[in-house]
Amino acid sequence: MSEKTKKLTFLALSCTLALMLSYIESLLPPVVTSVPGIKMGLANLVIITVLYLYGLKEAAAVSLLRLVMTFLLFGNPLTALYSLAGAVISLLAMALFKRLRLFSTVGVSVTGGVLHNLGQILVAIVLFDSLSIGYYMLILTLTGTLAGALIGITASFLIKRLENVYKHHS
Amino acid sequence: MTSRLHRARRNDILLIASLVFLALVGILLSLFLRRDGAYCVITKNGEEVGRFSLSADREITYYEEDGVGFNTVRIENGRVSVTAASCPDKICVRSRAIRYHGETVVCLPHGLVVTVYGDEEGPDIIV
């Protein structure tokens, strides 16, 4: 199989996986009912894996396609706006932290998790014109860190096993 | 190579520890410094639609522009909560009742925010 075909199939599979993981996650009961936004972020497992195996461009493509598909399937424009803000800021931060080479997959994933929450809270603050929503960031930092760490540990196993097959050689 | 991995691991732990520490300090501070609320302000898409004292029990329902979607806000025993809503996720309904200055209940799908405020700026409260 040519490198190009392999990459295309892998990215297509990643899109589907990311979509399904976020759908499955939406079916699970919320962890803490009184605070919105606490979640595992299972889709980020796929995004961070693509980021490590291919790069920012590919991870962004998978992430955006997942968002578009979620929007088309479950269509809520407001939810889509939050997801977009979280996804963009978290992916950019992860790409930056990966490039810094200071942290392993776990640190990069933690950054992504917390920044995802931050992006959503910032959108909420702007949309609602209410600064006190920012208080949620305290508890979200805690849960985002823990979720990000778990996702990062899982992703490091995935990447280790997949990189021999999929890592692009440029 | 191994030393870089080692350093990265240590940095990971430092990052996680400092984030958890900062969040915990922030949560403790906000618990410590919180003060009772006197009234609540309800906004829809950033515009104020209601302002009520917390000392009188009442129930208000806010409808969406389509006349079907709604959020019911209840004030009871000095606490505010959203008791019923037509939004898909029901996060606002599940949120616990709030009573301290700065606390909010948010309904993202309907753009509704209930915020509790302290007593220093209350001349135009409807009692």
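The values are calculated or read from the model by the stated rules, or taken from the named source; none is laboratory data. Nothing here was measured: the structure is a model prediction, and the numbers come from that model. Glycine also receives a Cβ, built like all others from the backbone with ideal geometry; neighbour counts cover every protein chain displayed.
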### Query
Would you pick out the residues in the stretch A:91-125 that are more than 9 Å from chain B (Cβ to nearest Cβ) and under 20 Å from B:V116 (Cβ atoms)?
A:I121, A:I125
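For the condition in a helix (DSSP H, G or I) and among the aliphatic types (A, V, I, L, M), what is the one hit in A:L122, A:L102?
Details: A:L102 fails: in a helix (DSSP H, G or I).
When all the criteria are applied, what remains is A:L122.
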### Task
Sort out which residues of the stretch B:55-109 are at positive phi and buried (at least 16 other Cβ atoms within 10 Å of the Cβ), and write them in order of number.
B:G78, B:K90, B:G102
### Task
Have a look at A:L72, A:L45, A:L17 and point out the one that is modelled with pLDDT under 95 and in a helix (DSSP H, G or I).
A:L72
#### Entry: Residues of the stretch B:101-111 satisfying the condition of being more than 17 Å from A:N76 (Cα to Cα) and not in a loop (DSSP other than H, G, I, E, B)
B:T104, B:V105
### Message
So, in the stretch B:91-100, exactly how many residues are within 9 Å of chain A (Cβ to nearest Cβ) and in a loop (DSSP other than H, G, I, E, B)?
### Response
2
### Which listed residue is surrounded by fewer than 18 Cβ atoms within 10 Å (Cβ to Cβ), closer than 30 Å to A:V126 by Cβ and of a type in the set (S, T, N, Q), from A:S26, A:S90, A:S22
A:S26
### Task
Report yes if A:F128 is within 7 Å of chain B (Cβ to nearest Cβ) and under 24 Å from B:C87 (Cβ atoms), otherwise no.
yes
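On the phi > 0 side of the Ramachandran plot, away from every other protein chain (no Cβ under 13 Å) and out of contact with any strand residue (DSSP E or B) (no Cβ under 7 Å at 6 or more places or on another chain) - does that describe any residue in the stretch A:45-57? Working first, answer last.
Filtering the stretch A:45-57 down to residues on the phi > 0 side of the Ramachandran plot leaves A:55.
Within this subset, residues satisfying the condition of being away from every other protein chain (no Cβ under 13 Å) are A:55.
Now drop any that are not out of contact with any strand residue (DSSP E or B) (no Cβ under 7 Å at 6 or more places or on another chain), which leaves A:55.
Scanning the stretch A:45-57 turns up at least one residue that is on the phi > 0 side of the Ramachandran plot, away from every other protein chain (no Cβ under 13 Å) and out of contact with any strand residue (DSSP E or B) (no Cβ under 7 Å at 6 or more places or on another chain).
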